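Have a look at the structure below before the remarks.
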Amino acid sequence: MSTATADDTTWGTYDVVVVGLGIMGASALARLSRLGVKALGIEAHGPVHGMGSSHGETRIFRRAYWEGEQYAPLLQRSYDGWAELGEATSDTIALKTGGLFIGSRDSTLVQGSRETAQRCGIEHEFLDAREITDRFPAFRVPEDAVAVHEPDALMLFAERARLGYVTQAVQHGAHLAYGRTVRALHRTSGGSTTVSGDGWQVSCGAVVLTTGGWIDRFLPGETGHLVTPMRIPVYELDVAETDGRAHEPGRFPVFLHEETDGALVYGLPRWRADGGLKLGFHNRQLTPLDVDKARRPPSEAERHELWSAIRGLLPGVRSTGRATSCVYTMSRDESFLIGRSGEREGVVYASACSGHGFKFAPGIGEALAQLALGQPTTVDLSAFAPGRFR
Ligand SMILES: Cc1cc2nc3c(=O)[nH]c(=O)nc-3n(C[C@H](O)[C@H](O)[C@H](O)COP(=O)(O)OP(=O)(O)OC[C@H]3O[C@@H](n4cnc5c(N)ncnc54)[C@H](O)[C@@H]3O)c2cc1C
């Protein structure tokens, strides 16, 4: 590993510089270096920090995507990519827990998950209330509830995945600079880009911009009106001991539940003996955020609201446990912006959050690398073109 020191003012020349090493930047950097590209990754914080969106232990991966079948090719590419990362790092990056998407028969979640699964050939089952509670004993649902069950859905280990990509990048020759905030990008008359911070600069052929909630600092005209960073609480609640292993992988899938008022709650199994269930609202408790400031921790009222929403569904879950706040960078249509910048020549970028981007990181990293190298992308990205809002 090569890390620039405070004395270095000019770090040399790279083919590609990746700015921001959350999961998207880490994946892109790994892909570039595996292709033999001379690449540098720059991150404002350290290797592990809680200021972006990629930290924490786990994430959901599912393909019966209620959000629509336009995501299917990128999901398939990413499904394969997670398996490849697991093999390459000899680490458990993903655990097959299955996924359960619960609601009323006409809920957006159930209808959308079922439609995508049918249209895209994703293996799934349709379960009634009795089948749900027989198969997954931690759950209690009303008699008219139904669910789509996707047996191949995964629980991803988020920090392991991100650090796995960074390690892979270094093993293939990438250079890293942590604790360095990029302040400016400048396109030279010679067709290269100068990336600079406080007292240092580096020159490159192309920039991959993956700065999450800070994307509008570099592309204000292009993304400023399209993305908004929002604070969102996330909880890890204790489970009653009498419930044995009912909340653990094998008997407890990753899940989404749509309530009658449209609120969407997600959850992941307890996978550590000293852990709880990871739970949160996906579309509630979102509040505007200054990304540079510490996140306000969840209030008692917010914790109570979450517990009230799940205590009927999951009677073994207690109101006690840990709670923290994270960032959802919401786009206007809750989808992703991926492409070449129209505002800055030589820059490609991905703003892929809206609370559901992590699972796509292998596919997005590959696409960003291809865009940076001027190659056609394996997956058609037209659904995610930033220009769709014009
Ligand atoms: C609570 C929560 C639960 C979620 N659950 C799921 C889930 O189950 N499934 C799923 O698919 N997705 C989920 N997501 C969404 C997913 O985590 C995000 O889509 C993803 O992490 C976004 O990654 P990113 O790399 O784009 O951004 P980030 O992780 O925010 O990374 C951006 C990085 O850029 C750095 N940076 C910013 N500015 C600069 C600068 N000027 N110079 C240098 N570095 C800079 C930042 O420090 C940061 O490290 C969840 C998100 C949250 C918050």
(request) With a/c under 1.5 counting as rounded, go ahead and sort the range 67-138 into rounded, prolate or oblate using the C-alpha gyration tensor (a ≥ b ≥ c being the square roots of the eigenvalues; past the cut-off, prolate if a/b is larger than b/c, else oblate). (result) oblate
(message) Test of understanding: in a Gaussian network model of the chain with alpha carbons linked when under 10 Å, which of LEU313, LEU40, LEU29 would top the mean-square fluctuation ranking?
(response) LEU313
(request) Between the alpha-carbon centers of the range 130-170 and the range 338-390, tell me the distance in whole angstrom. (result) 26
(request) Give the share of C-alpha pairs in each 10 angstrom bin for the chain, from 0 to the last occupied bin, in whole percents, shortest bins first. (result) 5, 23, 32, 24, 11, 4, 0
(request) For LYS278, go through the lysines and keep the ones whose alpha-carbon is under 22 Å away, minus same-chain ones fewer than eight residues off. (result) LYS96, LYS359
(message) Can you say what percent of the DSSP beta bridges in the chain, counting only those with both residues inside, are antiparallel? Round to 5.
(response) 70
(request) On a C-alpha basis, how far is the centre of the range 174-241 from the centre of the range 25-86 in Å? Whole number, if you could? (result) 15
(request) Could you work out the local net charge near VAL327, counting Lys and Arg as +1, Asp and Glu as -1, over the other residues with Cβ closer than 13 Å to its Cβ? (result) +2
(request) Taking the Cβ of ARG59 as the centre, find all other residues whose Cβ is under 15 Å away and add up their charges (Lys, Arg: +1; Asp, Glu: -1). (result) +4
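Once the convex hull of the C-alpha atoms of the range 190-271 is built, how many Å³ does it hold per residue, rounded to a whole number?
219
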(request) Quick one: order ASP292, ASP216 by neighbouring beta-carbon count within 10 Å, fewest to most. (result) ASP292, ASP216
(request) Using the number of other C-beta atoms within 10 angstrom as an exposure proxy, rank ARG217, ARG62 with the fewest first. (result) ARG217, ARG62
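Rounded to the nearest 0.05, what FRET efficiency do THR108 and SER382 have when you use their Cβ-Cβ distance and R0 = 22 Å?
0.35
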(message) If you fit an axis through the alpha-carbon atoms of helix 72-89 and take the longest principal axis of the Cα set of the chain, what angle between them do you get, 0 to 90°, nearest 10?
(response) 80
(request) Of the options ALA169, TYR328, PRO73, report the single residue whose Cα projects farthest towards the positive end of the charge dipole of the chain (beta-carbon charges: Lys, Arg +1; Asp, Glu -1). (result) ALA169
(message) As I understand it, the value is the acute angle between the Cα axis of helix 23-34 and the longest principal axis of the Cα atoms of the chain; what does it come to in degrees, rounded to 10?
(response) 50
(message) Neighbour counts of other C-beta atoms within 10 Å: give me LYS38, LYS96, LYS293, LYS278 arranged from fewest to most.
(response) LYS293, LYS96, LYS38, LYS278
(request) Note the angle between two axes, namely the Cα long axis of helix 361-372 and the longest principal axis of the Cα atoms of the chain, as a number of degrees from 0 to 90, rounded to the nearest 10. (result) 20
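Excluding ALA206 itself, what net charge comes from residues whose Cβ is under 13 Å from its Cβ, given Lys and Arg +1 and Asp and Glu -1?
+2
Each value in this text was obtained by applying a stated rule to the coordinates, not by laboratory testing. Fair warning: this is a prediction, and the values are worked out from it, not measured in the lab. Here the Cβ is made from the backbone with ideal geometry for all residues, glycine too, and neighbour counts use every protein chain on show.
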